[in-house]
Amino acid sequence: MPVLLQADSIPPRALHFMAREHLDEIDLINRLYEILQHELLMSIIYPEAVQCLRKLISATRIHFDHEEQLMREKHYPGFITHRDKHTAFMQLLQDAHDHFVATRDKKKLLDFMEQVLKDWFIDHLRSEDFQLAKFSQRQHT
Ligand SMILES: [Fe+2]
Ligand SMILES: [Fe+2]
């Protein structure tokens, strides 16, 4: 089965809790991607797919909350920009979910995963999250 995201897309300097939560998100993304690849009837795929998508949304919200809490505690200078990226991505995820529930169009959800989610995830981990981890670790040294 094809995998959408490799675990090694995570930058090496991520904080412990960030790295763990990113791995959990990658697992959910790959699981959803795998479910959608099945050539089974949509009525069979749909319940598992929507459940996995909702788990991904909730894990992502919790993860973003953890990062935003850390940024507030550390008075992180890039807080607003980083938080706004999270907010925009949550909206994209929610829109993809709502469209999937309304239409059951798995092709559209796969396109979203391949063309938006994958790049967003890798870019965000390598830029905003990487900077946050670096800033936070510097304060400890
Ligand atoms: Fe993150
Ligand atoms: Fe982030």
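The values are calculated or read from the model by the stated rules, or taken from the named source; none is laboratory data. In this text, all values refer to a predicted model and were calculated from it rather than measured experimentally. Note: ideal-geometry Cβ built from the backbone for every residue, glycine included; neighbour counts use all protein chains shown. Quick note on the areas: whole protein, heavy atoms, side chains included, nothing else; ligands and nucleic acids left out. Shrake-Rupley method; radii C 1.70, N 1.55, O 1.52, S 1.80 Å.
For this structure, a couple of remarks:
- So LEU117, is it more than 16 Å from ligand 1 (Cβ to nearest atom), open to solvent by less than 70 Å² (accessible area, probe 1.4 Å) and under 12 Å from the mean Cα position of the chain (by Cα): no
- Cβ-Cβ distances below 8 Å connect no pair with a first residue in the stretch 116-137 that is closer than 11 Å to LYS85 by Cβ and more than 11 Å from ligand 2 (Cβ to nearest atom), a second residue that is basic (Lys, Arg) and assigned to a helix (DSSP H, G or I), and a separation of six or more residues or different chains.
- The set of residues in the stretch 20-75 that are more than 18 Å from ASP119 (Cα to Cα), among the basic types (Lys, Arg) and assigned to a helix (DSSP H, G or I) comprises ARG20, ARG54, LYS55, ARG61, ARG72.
- Residue in the stretch 94-111 that is closer than 19 Å to VAL3 by Cα, at pLDDT 95 or above and under 15 Å from the mean Cα position of the chain (by Cα) present: yes
- Filter result for GLU68 (out of contact with any Lys or Arg (no Cβ under 7 Å at 6 or more places or on another chain) and among the charged types (D, E, K, R)): no
- Failed item, numbered, when VAL50 is tested on (1) away from ligand 1 (no atom under 16 Å from the Cβ); (2) hydrophobic (A, V, I, L, M, F, W, C); (3) closer than 17 Å to ASP129 by Cβ: (3)
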